[in-house]
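Shown next, in structure tokens, is the structure this report addresses.
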Amino acid sequence: MKLRFLSLIAAAILLSACAKKPVETVAAVAAAPPPPPVAAPKPTGPAPDSLEYFNTVVGNLVSFGYDKYDLDAAAQSKLKGQAAWLKQYPARTLTVEGHCDERGTREYNLGLGDRRSNAVRQFLVAEGVAAARLKTISYGKERPACVTSDETCWARNRRGASTVQ
Amino acid sequence: MLKALTKILRAGVLAVLAVLLTVPPANAQVRLDITRGRVEPMPIAIPVFPGNTDELKQMGKDVAEVIAKDLERSGLFRPLDQKAFLQELTSLDVQPRFADWRTLAAQALVQGSVDMQANGQIRIAFRLWDVFGGQQMEGKGFGTDAANWRRVAHMIADLIYSTITGESGYFDTRVVYIAESGPAINRVKRLAIMDQDGANHRYLTDGSALVLTPRFSPTGPEITYLSYFRNIPRVYMFNIDTGRQEVLGDFPGMTYAPRFSPDGNGVAFSAALNGNSDIYSMDLRTRRMVRLTDNPAIDTSPSFSPTGDQVTFASDRGGTQQIYVMNADGTNPQRISFGTGKGRYATPVWSPRGDLIAFTRYASSDGFFYIGVMKPDGSGERTLAQGFLVEAPTWSPNGRVLMYFAQAPNGGRTRLFSIDLTGYNQREMITPQDASDPAWSPLSP
């Protein structure tokens with residue numbers, strides 16, 4: 001998010017630099033033809049209705065505590081953004097994947113992943129997204145995002161991942 | 001005798017089973033009490049089974065080797081080096097010179113033979129001798145197609161094991177498991193099956209769908225397991241003989257954690273709906289379904305008692321995941337795991353003998369996973385194995401050995417191990433690829 005904002009600024013600076021330079025050139029070489037019209041600065045980055053925008057700007061991941069499935073303030077704020085986006089693009093549907101870290105047994109983690117994906121789904125429904133647009137699937141600990149056996153990676157793996165179709 | 005013959009005919013191993021000579025009652029001298037902690041492995045002499053052609057000679061060598069390896073892996077026997085043998089037993093009718101075998105400190109001697117019969121089948125026969133008493137303890141012959149020699153060797157190993165220990169064997173069995181390959185973040189998982197000694201390995205699925213937690217039917221060539229076929233996690237049935245796969249009913253949510261009832265006619269499993277997992281059982285003949293739990297907790301990993309009267313399962317209804325036992329109709333659930341510290345208990349599996357429940361325990365206090373056993377009332381808890389991640393115990397059909405899998409940290413290897421109920425004799429099961437979720441078959445019919 002921050003990075004993207006920075007790159008927007010960078011792009012804007014570049015554009016303004018381009019806009020200035022020809023003016024100086026014109027001053028130096030009078031015979032030169034007039035410079036082509038400079039296009040107005042356009043916002044770069046993904047189109048707001050794209051999957052990339054959803055995944056990177058809105059944010060498709062929410063985190064959970066160990067053996068937990070409640071949504072903290074950060075998760076709720078992100079899901080409000082997901083709900084707003086879904087309401088803006090009513091043709092889109094969503095699959096919520098529930099994932100777990102490796103510190104649990106396979107079958108229990110399937111149940112826990114199901115809980116997590118449904119916690120996300122129920123929040124989105126409460127925010128006004130039609131239930132029919134939301135599917136869930138639990139992967140338990142079968143599809144980790146990272147494989148290092150430490151708390152940082154385990155925290156990354158305890159996630160609800162929203163996939164837009 | 002007749003019953004055994006019918007069983008063998010039914011299994012397609014076929015043919016004649018003959019008791020050789022008269023078998024006196026097993027001599028009390030040559031007995032192993034395997035219920036008592038660690039036992040000193042019994043020295044046993046297993047010479048090659050003589051044959052009268054090159055082909056039969058090779059088979060006789062292979063049969064003796066398979067028997068010796070089975071018995072050695074059990075941890076209860078120490079097959080002696082054939083090079084030390086003083087007497088060559090050239091046929092099944094040569095009388096052993098017991099004094100020679102006593103010199104080697106052999107307590108038991110296996111004398112065998114491999115012959116070609118007039119009908120084109122081979123006949124593998126053996127006698128089991130008590131070396132000190134000089135008496136035959138057991139003796140049988142098996143007529144079969146040559147291709148079945150390995151299975152006959154396992155059956156002979158089972159007879160030797162049961163004669164000497166008084167318990168039924170587990171060598172003529174198979175293991176179904178999940179073969180793993182590819183990166184840990186996107187593992188390819190396939191159903192695979194092998195004999196309990198790793199022979200006759202083959203894959204049952206192609207890896208295009210994620211598959212998990214296979215379990216053997218106690219009565220037929222069937223497996224129940226979880227498949228993500230078309231990205232919909234559901235319980236499936238798989239017939240090993242025909243390769244036919246079938247989804248177990250149509251449910252609105254995920255179904256998982258299946259396990260057969262002891263008569264093979266039912267499957268208990270978890271079904272998830274709106275984030276809540278409960279346990280159901282289905283009669284495979286009528287497809288009638290009964291709900292066994294109705295609780296906002298995660299209720300999963302059901303496993304029937306061998307009588308079918310009770311079901312043990314895992315639930316976090318008490319705050320953390322613990323083991324419970326209920327009646328098979330879902331009434332009277334009682335928590336049985338309490339543990340000494342803050343442990344989470346999972347994957348309860350009832351022993352085929354009925355006396356114990358195996359489980360996985362995770363202690364967040366020390367960060368280890370454990371495989372253990374406890375009595376069905378929760379008493380007598382014992383730990384058998386521990387590791388960074390050990391999980392999914394499965395019982396040998398005689399309830400004396402557990403198999404489970406262990407995973408190394410940082411997305412490392414997953415491998416199968418077996419361990420005695422005594423906590424001794426931990427062995428790795430060698431598999432072609434990484435392996436998890438083992439399930440032991442019953443003794444082959």
Projected-area average for the range B:152-253 over all orientations - Cα convex hull basis, square nanometres: 8.5 nm²
Alpha carbon convex hull of the range B:174-440, projected area averaged over orientations, nm²: 13.4 nm²
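Determine, for B:Arg259, A:Arg92, A:Arg103, B:Arg288, the number of other Cβ atoms within 10 Å of each Cβ, and report the residues in order from fewest to most. Don't skip to the end; give the middle numbers.
Details: B:Arg259 24, A:Arg92 16, A:Arg103 21, B:Arg288 10.
The fewest-first ordering by Cβ neighbours comes to B:Arg288, A:Arg92, A:Arg103, B:Arg259.
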Charge dipole (chain B, unit charges on Cβ, about Cα centre) - positive-most of B:Thr103, B:Met42, B:Phe369: B:Phe369
0 to 90° range, to nearest 10: angle between helix B:54-73 axis and chain B longest Cα axis: 50 degrees
Dipole of the protein assembly as shown, positive end: most advanced residue of B:Met59, B:Ser168, A:Val164 [Cβ charges, Cα centre]: A:Val164
Span from the the range B:177-207 Cα centroid across to the the range B:381-445 one, whole angstrom: 15 Å
Unit charges on C-beta of K, R, D, E only; dipole of the protein assembly as shown, Debye: 1700 debye
Amide proton proximity set for B:Phe49, modelled H, under 5 Å, gap of 5+: B:Lys61, B:Ala64
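Around B:Asn276, with a cut-off of 10 angstrom between Cβ atoms, what is the net charge of the other residues, counting Lys and Arg +1 and Asp and Glu -1? Kindly include the intermediate steps, with their values, before the conclusion.
Working: positive: A:Arg115; negative: A:Asp114, B:Asp278, B:Asp294, B:Asp299.
Taking every Cβ under 10 Å from that of B:Asn276, the sum is -3.
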For B:Met429, distant residues with modelled amide H under 5 Å away: B:Leu416, B:Phe417, B:Ser418
Overall Cα dimensions of the range B:177-309, principal axis frame, Å, largest first: 41, 35, 22
Environment charge of B:Arg317, counting only residues whose C-beta is closer than 10 Å and scoring Lys/Arg +1, Asp/Glu -1: -1
Amide hydrogen neighbours beyond the local backbone of A:Ser138, cut-off 5 Å, H modeled: A:Gly98
Estimated vicinal HN-Hα couplings, Hz - the range B:302-315 in sequence order (Karplus 6.51, -1.76, 1.60; Gly, Pro = x): x, 8, 6, 5, x, 7, x, 7, 10, 10, 9, 7, 10, 8
Exposure proxy ranking, count of Cβ atoms within 10 Å, fewest first, for A:Ile137, B:Ile223: A:Ile137, B:Ile223
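Classify the range B:360-439 as rounded, prolate or oblate, taking a ≥ b ≥ c as the square roots of the eigenvalues of its Cα gyration tensor: rounded when a/c is under 1.5, otherwise prolate if a/b is larger than b/c and oblate if not.
Numbers: a/c = 2.20, a/b = 1.20, b/c = 1.83.
In terms of gyration-tensor shape, oblate.
Would you mind computing the Rg to Rh ratio of the range A:51-164 from its alpha-carbon coordinates, Kirkwood style for Rh? Write down the numbers at each step before the final one.
On the way: Rg = 13.4 Å, Rh = 13.9 Å.
Radius of gyration relative to Kirkwood radius: 0.96.
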Inter-site label distance for B:Glu55 and B:Asn200 at 7 Å from Cα along Cβ, in nm: 2.0 nm
Stretch gain in nm, segment B:Ala84-B:Glu72, where the contour uses 0.36 nm per residue and the Cα spacing is subtracted: 2.6 nm
Residue exposure sequence - B:Lys189, B:Lys83 - by fewest surrounding Cβ within 10 Å: B:Lys83, B:Lys189
Relative contact order [Cα under 8 Å, 6+ residues apart], the range B:78-125, whole percent: 29 percent
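Over all directions, what mean area does the Cα convex hull of the protein assembly as shown project, stated in square nanometres? Can you show the working numbers first?
Working: hull surface 153.8 nm².
Projected area, direction-averaged: 38.5 nm².
In whole percent, what relative contact order does chain B give with Cα contacts below 8 Å and a gap of six or more residues? Intermediate values should be presented prior to the final figure.
Values: 1110 pairs, mean separation 46.8, N = 445.
Across chain B, relative contact order equals 11 percent.
Tell me what chain B gives for mean residue ellipticity at 222 nm when only DSSP H runs of n ≥ 4 count, each as -39,500 (n - 2.57), the sum divided by the residue total, rounded to 500 deg cm²/dmol.
On the way: 4 runs with 53 residues, N = 445.
One gets -4000 deg cm²/dmol as the mean residue ellipticity at 222 nm.
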P(r), alpha carbons of the range B:237-295 - 10 Å bins starting at zero, rounded %: 22, 54, 21, 3
Dipole axis of the protein assembly as shown (+1 Lys, Arg; -1 Asp, Glu on Cβ), positive-most option in A:Gln88, A:Gln122, B:Thr414: A:Gln88
Backbone HN-Hα couplings from phi across the range A:135-144 [Karplus 6.51/-1.76/1.60, Hz, Gly and Pro as x]: 10, 10, 8, 9, 10, x, 9, 7, 10, x
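What is the sum of charges around A:Arg92, taking Lys and Arg as +1, Asp and Glu as -1, for the other residues whose C-beta is under 9 Å from the C-beta of A:Arg92? Present the calculation step by step, with values, prior to reporting the outcome.
Values: positive: A:Arg133; negative: A:Asp49.
That sum, taken over residues with Cβ under 9 Å, equals 0.
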In sequence order, calculated HN-Hα J values of the range B:125-134 (Karplus, 6.51, -1.76, 1.60; Hz; x Gly/Pro): 10, 8, 10, 10, 10, 8, 5, 6, x, x
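Can you give the average number of partner chain beta-carbon atoms within 10 Å of each beta-carbon in peptide A:109-122, as a whole number?
On the way: counts 3, 12, 18, 6, 4, 12, 8, 1, 3, 6, 1, 1, 2, 2.
Across the residues of A:109-122, the mean count of other-chain Cβ atoms within 10 Å is 6.
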Rg/Rg_globular for chain B, with Rg_globular taken as 2.2 N^0.38 Å and Rg from C-alpha atoms: 1.04
Mean separation of Cα contacts under 8 Å (6+ apart) over length of the range B:283-412, as relative contact order %: 15 percent
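Bear in mind that the values in this text are calculations on the coordinates, not laboratory data. Here the structure is a predicted model, which is why all the values come from computation and not from measurement. Using ideal geometry, Cβ is built from the backbone for each residue, glycine included, and neighbour counts are taken over all protein chains shown.
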